[in-house]
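Trainee: Please find one structure pasted underneath; my questions will follow.
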Amino acid sequence: MNELIRLLSYMICLAAFLGLNLAYLGWVERKGAGHIQRRTGPKDVGPYGLLQPLADGLKLMSKQLIVPANADRPLYMCAPILTMVPAVLLFVAIPFGEHLVPREFSFGLLMMFAFASVGGMSILIGGWGSGNKYSLIAGARAVSQNVAYEIPMLITAITIVMITGSMDLNEIVRQQGGYIWNWNVFRLDKSILMPVSFLVFFICSLAETNRTPFDMGECEGELVAGYHTEYGGMGFGLFMMAEYANLVIGCSLTTVLFLGGWQSPIGIFPGPHWFLLKMYFLIWSFVWIRWTYPRTTFWGLLNLSWKYLIPFSLVNLLLTALFIKVF
Amino acid sequence: MSGYFKDIITGLKSLAVGLQITNKEFLTKPITLLYPHESVKMYPRYRGHIELIKDPETGMNRCICCGMCEKGCPSGSITVKSEKRPGVKGKVLTAYILNFTTCSLCGQCVENCKPEAIRFSNEYNLASTRREDYIFNLLEKLHPEGIPEPEVDPELLKKELEKEEAAKKAAAAKKEAAAKQEAVKKEPAKEGGESKAEEKS
Amino acid sequence: MLTLSTQLNTYLIIGAILFGFGIFGLVRRPSLIGMLIAVELVLSGASINFMAFNHFLAPDPTVGQIITLFIMAIAAAEAAISLSIVIAVYRNYKSIEVEDLVELNG
Amino acid sequence: MSSLAQSQLRETFELNIGPQHPATHGVLRIKVVMDGEYIDRAEPILGYIHRMHEKMGENRTWNQFWPNMGRLDYLSAMAYNHCYAGLMERAAGIEVPERAEYIRVITAELNRIQSHLLGFGAYIMDLGGFTPLMYAMDEREQILDLLESVTGSRLTYCYFRFGGVYNDIDDDFITGTRAFLKRFRPQIPMYHKLVTGNAILMDRLIGVGPISADMCRKYGATGPVLRGSGVNYDIRRNEPYSVYPELDFDIPVYKECDSMARYMVRMDEMVQSCRIIENALNKLPEGPVMAEKVPKALKPPKGDYHYAVEAARGTFSMRTVSDGTNTSYRMRLRSPTYSNVSLFEEASRGMLLSDALAFLGSLDPVIPEMDR
Amino acid sequence: MNPSLFSPEGLAGVIFLILICVTMIGAIIATCTKRLIRSVSGLAVCFLGVAGLYYFLNSPFVAMMELLIYVGAVCVTIAFAIMLAEPDEAKLARKMSGLSGGLAVVCGGAVSFALGYAAVNGHWMAPATQVNDGSLKMIGASLLTKYSMVFELISIVLLAAIIGSVALARAGRRGN
Amino acid sequence: MGTESLPTIESAIPSALLQFHQLDQLRMLARANSLWPLTFGLACCAIEMLSSGCARFDLSRFGAEVFRPSPRQSDVMIVAGTINKKMLPAVKILYDQMPEPKWVIAMGNCAISGGPFAYPGQYNVVEGADTFLPVDVYIPGCPPRPEALIEGLLELEEKITGNRRWPRVKPETMVKG
Amino acid sequence: MDRAKIKRELENLAAEGLPAEPPQEETPVEVQTEAEGEDKAKPKAKKDEDVPRKNGLIETEYAKRGTHLDVQINPDQVVKAAEILDAEGMTLEMVTGVDWLKEGQLEVIYDYSYPGGQLFRVVVRARLDRNNPDIPTVCHLYGGANWHERETWEMLGINFVGHPQLEHFLLPEDADFYPLRKDFKP
C-alpha cells in the first residue's frame, strides 16, 4: 500500500512538473526568441508575459473542434492523444535524483527508445488521418527522420551501456559520480571519441524531437504547418505539448547519459538541482539553436545521418569496445 | 578524406559563429518600442489623412471651395460641399467629406490646393470597429465644438442686397416683358426662365 | 479473475485467438498489405505461446525469449522485404491486389 | 514482364502550393505535379492580386496615376516612381534640375537597400531561419524612418513628380543618412557570418536552381537573377539614366548561376548602394528640386514612349502610348519579377520540392508587381 | 485465493485484464476494418497489449523489443507501404464477398478453437525448475553461448533482408 | 427553440455557486490575449504586418506573434491587402476553415473598401472584405503603420473583453528644433 | 550583336511585307539622326490623321522615345523578325498590344533589348485586323514570350496561333471579357 501511495504522490508531482514545463517551455521559447531577435517577446499578458501560456491554453481549450471533411475521424481524434501518452509515460523512468525516481527500471534506457518509437507511429497516424496531402507528406517525413536518427542514437546509447554495463538510468548516473571528469562526455579513458559521441547524441536528439534545423515534420516553408496542419484547438495544443514533453525527455536522457544526471560536477552536493540545471541548459541550447539556424532539407538531413553521424557512432562503438577489452 | 574532416570542422565552426552572434544579441537590450505605453512622434511630413488648416488669424478654414482637390484626387475620395451665403465673400464650405477608405495618400490634393487650406494630419493609429468612422467630415473635425458661422461683412451684405434688389427689379421687368408675350409663349418656358434666374443668383 | 496472469492457459488461449484472427485476416484480406498484417498477428500469436511455455514450463528460461526475438527479427525482415515487394509490384502493376497479380505466373 | 507493366509507370500526384502559402511571398499559386519527392511540373498561376494597374493608366490622368507606381512593387517603390517620372519627362520634354536627380538617386538607392534587406530576411525565413529577418528588419526600419521623414510614407512612396520631387531634403536627412551608412556597413559582414557562412545554408543554396545566362536571355530575366548568371547587365550602367553615370559604383556579378550567386548579388548590391548614396551625398548640388514651367495638366505629344530603370528586382520598364490628351491611351508596365518567375516552370523541372522553393525564393518575387 | 482489488496483486490483475482487452480489440481492428491504415493502427494497439503480456511473463526485455521492433519498425514500415501503394479502399471493400468472409470466419474460428482446446486440455509438464529473473544477463549469456547459432542466423537473415529489399526496390525503379 | 419553457442551468442552480459570467469573462480574456493571426499577406499591407511582428513593434508583447500558416490554428484573420475576384473564393475557404471563435481584421484601405483600386467601372477588385466576411476591426491607411495594426488588435481585444487595458495614444508631431 | 546587320535585315523584312501597290509619298524607311530630331513633328503631322501606320522601319532617337529601331511588319513576319533578333543575342523584354479602336486594328508590340554591354533596343510592331486577330507565337524561340502572349491574349483578345497554353492567367477562369480593349465595359 505504501508503494501505491508513493507512486500516486509521484504521479501528482510529475503531473505538476510536466504541466509547468509544457506550459512554460513555450513561454521560454517565445521569450528567448524575442530577446535573440532584439525584441521583448511576450510582455503585456501578466508580468513578463507569464500569464501568456495560461491564456493560450485556455483559448485552445475553448476553440471549436473541427474535423476536416476528408479526415479519417477516429484516427484524427486519436493521434494527438497517442502522441502525448508515450511522452508522458516516459517521465516515469527518468531519475531526477538518486532517490527521486518514480520507478527504477532495469531496462530504462531501452524503454525510452521503445516508447519514443510509439510516438513516431502516432505522428504518422495523425498525418494520415488529417486527409491532407501536406500532413501526409510531413508525417511520413517526420517518421522516416525519426527512424533514420534512431540508428546513430541507439548505437551511441549502446556505447554508454557498454561502459556502464547497465541499462538502468539511475545506475548509469551513479557510475558518473565524483568529479566532472567522471561524466561520460569526458570519459576519454573509455573512448577518445566520447565528446564527439555526445555531439552525435545531441544532434540526434534534436532530430528526434523534430526541432529546427531538423523540423521536417512541420517545416512552414514547404508544408504549411506539417503533420498538424489540420489540427486546431486542443488537438494542436496536445501536439505542441507533446513536442515540449519530448524535448524535456530528450534533454533529460542526454543529461543522464552524458552529463552525469544528478551528479554534481565538483563532487559534492549531488541532487536534483544539478539535474534540472543541466537539463534546462540543454533545453535552452535547443531554443538557442532553433532561433539561429535555417532549416536543412530532408536530403541534407539523411546525408548528415549517413555520412557523418552513423560512421562516427560506429567508430565510437568499436573504439569503446576496444578500450574496454584492452584496458 | 581530409576534405571530409575539413568539411566537418568548417561546418561546425560556422555554426558556432552563428550561435555566438545570436548570443550577443540575446544579451543586448531589445529595441522594441512599447507602443501603447510609449510612442514616437511623427515627422512633420508624415502623411496621415488630410485635414483642414485652421487659419490662426480668423480661426476658420482657408478653403475657397475651388474643387481642385476633388478634381485631382485619383480615387475620388473628396467631396466638397459649399454654398453662397449672403454677405460673405466667396463660397462658404459647408462640408468637406473625405472618404479615407479609398485614399491612397498620394498628395495630389495637398499639391493642388492653391490657398494651402489642407495638409496631412499626423493620425497614424486609427482603428475602429465601424467602417463609417473613416468617412470624415473634415470641417467637423476641424471644429469639434461646432462649426462657426463665417463673419458677415456688412458692406458686402449691403452691396449684395442692392444687387439682389436690382436683380429682382430686372426680373420683374423681364416678367412684365414676358407677360406681354404670354399670348405667344407657354407656361413651362417661363418656369424654366425663372429657375435659370434663381441659379444665377 | 484477477489471478489470470498466473495461469498458463490464459496465455495459450490468447495466443490461439490471435492466431485465429491472423488466419481469419489472411483468408479475408484481398490485398498484399492486409495479408501482411494478418501474418504479423499469426506470428505474435505464436510468440505468445512460446513466451508462455518458456515462463511456465521450460527448464531453460531463456529459450522462449530467444525464439521470440528470432521471430521478431524474422518479422522485421519480412516487413522490410514485403514493403519493397509491394513497392516494386505497385510500380509495375499499379495494384497490390492479389487477384490482379496472376500475371506473375507467366 | 507483361505489357501492362510498361504503361503508366510513373506515379505522380498533384500538390497545390498557394495561393496562401508561407513560401510564396504572398499569393502566388504553384500547381506542382510531383513524382515522389521530385517535381515533374511546377506551373505558377498568377492573378490572385491582379489590380488592373494598366487599365487604371487608361482611366486616370497622368498625375493621377502616381499612386499606382508606389503600389506595384511596394518594396522598391522609388525605382518605379523614377521610371514613371523619367517616362513622362521624356515624353513631355521636361528638364529636371540636378539636385532633384540626386535626391531621386539617393532615395531610390536607400529604397533598394531596404528592398534587398527584406528580400534577404524573407529568403532566410523561407529557409527556416527567423532571426536574420528580424535583424534585417531592424536596419530596414532605420531606412524607413529616413524615407518617411522625407516622403511621409513608409512603403508606398508617392514622392517624385514630373520635373522633380515633391519636396526638398533637409540637413537632418543628410546627417541621418550618413549615420545610417556608418551603422549599416558593419552589419553586412555580420549577416555573412551569421547566415552566408552557415554550413546548413550553404548546403541549401549552393548548386540549387541553376539558370544559365542563355536561359535568362530567352526568358528576359533581369536584375540579380541575370547578374547571378554571370551577365554584367544593369540598366544603371548599360542604359544610363538620371545621374548614375556620374556616380561611382560597381555591378556585382557572380558566375555560379545558382541560388547562392543570386543571393550574393543582392548582398553585394547593398554595399554598392551604400557607395552610391555616399557618393551622391558628397556631390549633391544646391538648387531647386522642381523644374519650372511644368504644366499642371500634362499633355505629352502623340506617340509612344519607353523608359527603363533598374529596380531592385531587375529591369522595370514602361511603355506608354499617348494620344495627346491628358490620359494615357495605353499604359504597359513591364515588371521584372514577371519575367524572372516565368522561367521557374522550366528551371524547376526535376528539382526536389524543397530545392524548388529555395530557388523560387532566390528569384525574390513580389507578387503584386507580377500580377499588376 | 482471490486478491483484493486494491492490493498490488489485484491491481496487477486488473491491468492484465485491460491488456487482454487491448490485445483483442487491436486484433479485431487489425482484421475487420476496411481501411488498411486503420488496421495497421489496430495492429500497433495489439502489439502494445502483447508487449504488456510479455511484461507479465517476466521478460521486460522482450516486451521492450516488441515495442521497439513491432510498433516502431514493422508497423511504421507497413504504414509506409500503404502510403506508397495507396490501395483503392472502396474497391477492396466491394471485393470482400460474403463467401470469402464466411470462409475466413470458419477457418479462423476452427484454428483458434482447435488450438484453444489443445491448450486447455493439454497435459503440460511440471513447472519450470529454473526461474526467469527477467534480467538481460541470462538472455545475453545464452544468446552468445548456447544459442549462438540463432544469433548468427538472425544477423544473416537481417543482412539478407536488407540486401534483398534494396535490390527489390531498385529493380522496381529500373522499370522506369 | 423552447428555451423559455425549460429552466436553464443558471436558473436551476443558485447563481452564487456557478459564476458562469465570470468564467466566460476569463475565457474571453484568454482569447483576447492570445490572438494568433493567420499568415495571410496579400499586398503592401502584408509588409507592414510583417514589420509589426518584427523587432521595432513586436506583436508578441500581446501574445499575437504566433503567425500560424494553417487556418485551423489561428484565431484572427488579418486581411492585409487587396482582394480580387480570383482570390475571393480562397479567402472564403480560409475563413471557413478557421474554427470558432474567429475574428477578421481588415487592414488597409484595400481590404476596407477596395481602396484606390475601386473606381467605377473596375473589373477585378472586390470592394471591401466586409462584402463577404464579418469584419470586426477596420484599420485604414495605405498602408497603415504597424502602430495602427497594434491599435487594431487592441481594439479587437476591447471588442472581445469589453474593456480596454491599454492607454490610448494621441498622435503628436515632431517639432524640428 | 551587329546593329547595322539587324537594321538591314529588319528593313528588308519590312519591305517584303509591304503590299504590292506602288509606294506612297512617304518612304518606308525614314532615317532620323539626332540633329533632325527637331523636325520630327513633320512626319508626325501626317500620322495625326487616323491613318494606320504603314509597314516600315523608323530609326528613332533613344533620348526621345526610348528605343533605337522601330519597325512595323506584317503579322506573319514576326517569327522571322524574332529569329533575326534571337540570332543576334537579343532578349525579348515584353510583348504587349494596343487596341486601335478607331482604325479597327489591334497592334502587337514586341520589345527587344540587348543584354550585353551595348545599349540597343528594338521595337517590332504588327497590326492585325480587329475582327480576326491572329498572329503566330514566338514561344518556341523565346520561352519568356509564353506568359506575355498569354497575358496579351487575355487582356486584348489577340490570338497567338500555336501558343501552347492560351488559358486564363491573370483573370478568374470564368472571365469572358477583354478588359484592355477600348470598347470594354464591365
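Trainee: Return yes or no: is A:Ser144 part of a helix (DSSP H, G or I), open to solvent by less than 10 Å² (accessible area, probe 1.4 Å) and at negative phi?
Mentor: Here the answer is no, as A:Ser144 does not meet what is asked.
Trainee: Let me ask another. Being under 11 Å from the mean Cα position of the chain (by Cα), more than 7 Å from chain E (Cβ to nearest Cβ) and within 17 Å of E:Tyr147 (Cβ to Cβ) is the filter here; which residues of segment C:36-73 pass it?
Mentor: Hits for segment C:36-73 are C:Ser47, C:Ile71.
Trainee: While we're looking at this one, here's another question. Quick one: in segment A:243-270, which of the residues that are small (Gly, Ala, Ser) and on the phi > 0 side of the Ramachandran plot is nearest to the other protein chains (Cβ to nearest Cβ)?
Mentor: A:Gly261
Trainee: So, in segment A:180-219, exactly how many residues are closer than 16 Å to A:Arg290 by Cα and touching a Pro at 6+ places or on another chain (Cβ under 7 Å)?
Mentor: So the answer is 2.
Trainee: With more than 9 Å from chain A (Cβ to nearest Cβ) and either surrounded by fewer than 23 Cβ atoms within 10 Å (Cβ to Cβ) or in contact with a Lys or Arg (Cβ under 9 Å, 6 or more places away or on another chain) (or both) as the only criterion, which of E:Ala85, E:Ala81 stands out?
Mentor: Going through E:Ala85, E:Ala81 in turn, just one is more than 9 Å from chain A (Cβ to nearest Cβ) and either surrounded by fewer than 23 Cβ atoms within 10 Å (Cβ to Cβ) or in contact with a Lys or Arg (Cβ under 9 Å, 6 or more places away or on another chain) (or both): E:Ala85.
Trainee: Please work out if D:His21 is within 8 Å of another protein chain (Cβ to nearest Cβ), modelled with pLDDT of 85 or more, on the phi < 0 side of the Ramachandran plot and within 22 Å of the chain's Cα centre (by Cα).
Mentor: no
Trainee: Spot the failing condition for A:Leu54; the list is (1) part of a helix (DSSP H, G or I); (2) within 9 Å of chain F (Cβ to nearest Cβ); (3) touching a Phe, Trp or Tyr at 6+ places or on another chain (Cβ under 6 Å); (4) open to solvent by 20 Å² or more (accessible area, probe 1.4 Å), and only one is missed.
Mentor: With respect to (1) part of a helix (DSSP H, G or I); (2) within 9 Å of chain F (Cβ to nearest Cβ); (3) touching a Phe, Trp or Tyr at 6+ places or on another chain (Cβ under 6 Å); (4) open to solvent by 20 Å² or more (accessible area, probe 1.4 Å), A:Leu54 is out only on (3).
Trainee: Given the residues A:Lys63, A:Lys59, which is the only one that is touching a Lys or Arg at 6+ places or on another chain (Cβ under 6 Å) and buried (at least 21 other Cβ atoms within 10 Å of the Cβ)?
Mentor: None of the others qualify; the one that does is A:Lys59.
Trainee: With the structure loaded, tell me whether D:Ile49 is touching an Asp or Glu at 6+ places or on another chain (Cβ under 6 Å), open to solvent by less than 10 Å² (accessible area, probe 1.4 Å) and at pLDDT 85 or above or whether it fails that test.
Mentor: yes
Trainee: With a cut-off of at least 2 residues that are within 30 Å of D:Tyr241 (Cβ to Cβ), name the strands (runs of 3 or more DSSP E) lying wholly within segment G:71-186.
Mentor: Qualifying strands (runs of 3 or more DSSP E): G:91-100, G:105-113, G:121-129.
Trainee: Kindly list the number of the only condition in (1) in a loop (DSSP other than H, G, I, E, B); (2) free of Cβ contacts under 8 Å to residues at least 40 places away in the same chain that fails for A:Pro195.
Mentor: In the conditions (1) in a loop (DSSP other than H, G, I, E, B); (2) free of Cβ contacts under 8 Å to residues at least 40 places away in the same chain, A:Pro195 misses (1) alone.
Trainee: Next question, about the same structure. I'm checking my understanding of the structure. Among residues of segment B:100-120 that are within 14 Å of chain F (Cβ to nearest Cβ) and assigned to a helix (DSSP H, G or I), which one is farthest from B:Tyr134 (Cα to Cα)?
Mentor: It comes out as B:Gln108.
Trainee: Oh, and also: Taking the condition at pLDDT below 85 and surrounded by 19 or more Cβ atoms within 10 Å (Cβ to Cβ), does F:Cys142 pass?
Mentor: yes
Trainee: Please find, among D:Ala91, D:Ala79, D:Ala122, the residue that is surrounded by fewer than 24 Cβ atoms within 10 Å (Cβ to Cβ) and aliphatic (A, V, I, L, M).
Mentor: D:Ala122
Trainee: State which residue pairs qualify: first residue more than 9 Å from chain F (Cβ to nearest Cβ) and inside segment A:58-75, second residue part of a loop (DSSP other than H, G, I, E, B) and crowded, with 20+ Cβ neighbours inside 10 Å in any location, beta carbons under 9 Å apart, and separation of 6 or more residues or different chains.
Mentor: Between residues of segment A:58-75 that are more than 9 Å from chain F (Cβ to nearest Cβ) and residues that are part of a loop (DSSP other than H, G, I, E, B) and crowded, with 20+ Cβ neighbours inside 10 Å, the close pairs are A:Val67/A:Glu230; A:Asn70/A:Ser130; A:Asn70/A:Asn132; A:Ala71/A:Ser130; A:Ala71/A:Asn132; A:Ala71/A:Glu230; A:Asp72/A:Ser130; A:Leu75/A:Ser130.
Trainee: Also, I was wondering about something else. State all residues of segment B:129-157 that are assigned to a helix (DSSP H, G or I) and farther than 23 Å from B:Ile64 by Cβ; if no residue qualifies, say none.
Mentor: B:Arg131, B:Glu132, B:Asp133, B:Tyr134
Trainee: Something else now. For segment D:203-217, give me each residue that is free of Cβ contacts under 8 Å to residues at least 24 places away in the same chain and buried (at least 18 other Cβ atoms within 10 Å of the Cβ).
Mentor: Matches in segment D:203-217: D:Asp203, D:Arg217.
Trainee: I need every pair where a residue in segment A:25-43 that is within 11 Å of chain D (Cβ to nearest Cβ) has its Cβ under 8 Å from the Cβ of a residue that is open to solvent by less than 10 Å² (accessible area, probe 1.4 Å) and among the aromatic types (Phe, Trp, Tyr), sequence separation at least 6 or different chains.
Mentor: Here the result reads A:Gln37/D:Tyr135; A:Arg38/D:Tyr135, each pair linking segment A:25-43 to a residue that is open to solvent by less than 10 Å² (accessible area, probe 1.4 Å) and among the aromatic types (Phe, Trp, Tyr).
Trainee: Might you let me know whether segment G:140-150 holds any residue that is in contact with a Pro (Cβ under 6 Å, 6 or more places away or on another chain) and not hydroxyl-bearing (Ser, Thr, Tyr)?
Mentor: No, every residue in segment G:140-150 fails to be in contact with a Pro (Cβ under 6 Å, 6 or more places away or on another chain) and not hydroxyl-bearing (Ser, Thr, Tyr).
Trainee: Can you say whether D:Gly223 is open to solvent by less than 10 Å² (accessible area, probe 1.4 Å), touching a strand residue (DSSP E or B) at 6+ places or on another chain (Cβ under 7 Å) and closer than 27 Å to D:His82 by Cα, as far as the supplied structure shows?
Mentor: yes
Trainee: Going by the structure shown, is B:Glu70 open to solvent by 50 Å² or more (accessible area, probe 1.4 Å) and touching a Cys at 6+ places or on another chain (Cβ under 9 Å)?
Mentor: So B:Glu70 passes the test.
Trainee: Oh, and also: Do the conditions hold for A:Ser106, that is, is it surrounded by fewer than 24 Cβ atoms within 10 Å (Cβ to Cβ), touching a residue at least 12 places away in the same chain (Cβ under 8 Å), touching an Asp or Glu at 6+ places or on another chain (Cβ under 6 Å) and of a type in the set (Gly, Ala, Ser)?
Mentor: Yes.
Trainee: A follow-up question, please. Return the residues of segment A:101-135 that are modelled with pLDDT under 80 and more than 7 Å from every other protein chain (Cβ to nearest Cβ); say none if nothing qualifies.
Mentor: Residues satisfying the conditions are A:Val101, A:Pro102, A:Arg103, A:Glu104, A:Phe105, A:Gly131, A:Asn132, A:Tyr134.
Trainee: Determine which single condition D:Ser273 fails, assuming it passes every other condition in (1) in contact (Cβ under 8 Å) with a residue 24 or more places away in the chain; (2) of a type in the set (Ser, Thr, Tyr); (3) in a loop (DSSP other than H, G, I, E, B); (4) buried (at least 22 other Cβ atoms within 10 Å of the Cβ).
Mentor: So the condition that D:Ser273 fails would be (3).
Trainee: Continuing with this model, one more query. Within the group F:Met87, F:Met49, F:Met77, which residue is within 17 Å of A:Lys63 (Cα to Cα), at pLDDT 85 or above and of a type in the set (A, V, I, L, M, F, W, C)?
Mentor: Among F:Met87, F:Met49, F:Met77, only F:Met77 is within 17 Å of A:Lys63 (Cα to Cα), at pLDDT 85 or above and of a type in the set (A, V, I, L, M, F, W, C).
Trainee: Can you name the residue in segment G:140-174 that is out of contact with any Phe, Trp or Tyr (no Cβ under 6 Å at 6 or more places or on another chain) and among the small types (Gly, Ala, Ser) and, of all such residues, is surrounded by the fewest Cβ atoms within 10 Å (Cβ to Cβ)?
Mentor: G:Gly162
Trainee: Do you know which of the residues in segment B:20-56 that are outside any loop (DSSP other than H, G, I, E, B) and surrounded by fewer than 16 Cβ atoms within 10 Å (Cβ to Cβ) is farthest from the other protein chains (Cβ to nearest Cβ)?
Mentor: Of everything passing the filter in segment B:20-56, B:Lys54 is farthest from the other protein chains (Cβ to nearest Cβ).
The values are calculated or read from the model by the stated rules, or taken from the named source; none is laboratory data. What you see is a predicted model; the values in this text were computed from it and never measured. Cβ coordinates were reconstructed from backbone atoms using ideal geometry, including for glycine residues, and neighbour counts include every protein chain displayed. Heavy atoms of the whole protein, side chains included, go into the accessibility calculation; ligands, DNA and RNA do not. Shrake-Rupley method; radii C 1.70, N 1.55, O 1.52, S 1.80 Å.
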